[in-house]
Amino acid sequence: MRTNNLKTVLILLVMVLSATNSFAQKRAKKLADEDTKNWRYEIECEGVGSNGVYLIKIFSYSFNKDVAIEQAKKNAIHGVIFKGIPEGDRGCVSQPALARNSNLEQEKADYFEAFFAEGGKYQKFVNLTTDGAVKAGDRYEVGGSGLFRRKEYKIGIVVSVNKALLRKELEDAGIVRGLSSGF
C-alpha cells in the first residue's frame, strides 16, 4: 500500500514539474515574440560573403538566452529588409535595406506576420554560422537590478543571410520592386 502511494506521489510530482516547465517555455516564447514585434536588436557587418550572402552579427535582447539565439534569425532578416547593414571594420561596405518604403512593414503587415511566424518563410534565407554557439564576449547581462527588475540578456550571434534569394522572394510576392523595374 505504501509503495502505491509513493508511486502516485512521484507520478503527480513529475506531472506538476512537466506542466511548470511547459508553462515556463511558453512564457519565454511569448516574451521573445513580444521582443521580436518590437524589433529590439543591433546589427553589425561581420564579413563580406559571395553570391549575394551577407555575414552579419545580430545582438538580440531577451529574458531567455536560448530564445535570444532563435530570435537572432528573425532579427537578421528584418535588418536586411528594413534597416540595411552598416559599414563595418572587416572590409564591409554598408548595404541599403531591401525595402525603400519606410511604411512597407505596416502596409504589408499580413504578409510579414506570416513571413516571420514560427516556422515561417524567413527560415529559408538565414543560417546560424556557429550552430548557435555564443562567444563569451557576445553575451551580456543587461538590467536585472532593483527589486522587481528581471535579468535580461543581450546575445550576439553570427548569421549568414542569403540576400539574393530573399530579394527574389520579396519581388515574387510583390513586396519590393525588382532592380530592373527602374526608379
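The values are calculated or read from the model by the stated rules, or taken from the named source; none is laboratory data. Fair warning: this is a prediction, and the values are worked out from it, not measured in the lab. With ideal geometry, Cβ positions are generated from the backbone for all residues, glycine too; neighbour counts draw on all protein chains shown.
Taking the options Lys37, Lys30, Lys26, Lys7, name whichever one is on the phi < 0 side of the Ramachandran plot, at pLDDT 75 or above, outside any loop (DSSP other than H, G, I, E, B) and of a type in the set (Lys, Arg). Answer to the selection: Lys7. Kindly check whether there is at least one residue in the range 88-95 that is out of contact with any Ser or Thr (no Cβ under 6 Å at 6 or more places or on another chain) and in contact (Cβ under 8 Å) with a residue 60 or more places away in the chain. Within the range 88-95 (the criterion being out of contact with any Ser or Thr (no Cβ under 6 Å at 6 or more places or on another chain) and in contact (Cβ under 8 Å) with a residue 60 or more places away in the chain), the answer is yes, since at least one residue qualifies.
Glu42: in a strand (DSSP E or B), at pLDDT 80 or above and surrounded by fewer than 16 Cβ atoms within 10 Å (Cβ to Cβ), yes or no?
In short, yes.
Residue count for the range 156-174 satisfying the condition of being surrounded by 14 or more Cβ atoms within 10 Å (Cβ to Cβ) and of a type in the set (Asp, Glu): 2. Would you be able to say whether some residue in the range 102-120 is exposed (fewer than 12 other Cβ atoms within 10 Å of the Cβ) and either touching a strand residue (DSSP E or B) at 6+ places or on another chain (Cβ under 8 Å) or among the basic types (Lys, Arg) (or both)? Looking through the range 102-120, none of the residues is exposed (fewer than 12 other Cβ atoms within 10 Å of the Cβ) and either touching a strand residue (DSSP E or B) at 6+ places or on another chain (Cβ under 8 Å) or among the basic types (Lys, Arg) (or both).
Cβ-Cβ distances below 7 Å connect no pair with a first residue in the range 2-26 that is within 24 Å of Asp66 (Cα to Cα), a second residue that is at pLDDT 70 or above, and a separation of six or more residues or different chains. The test for being surrounded by 15 or more Cβ atoms within 10 Å (Cβ to Cβ), of a type in the set (A, V, I, L, M, F, W, C) and over 22 Å from Val176 (Cβ atoms) holds for Phe59.
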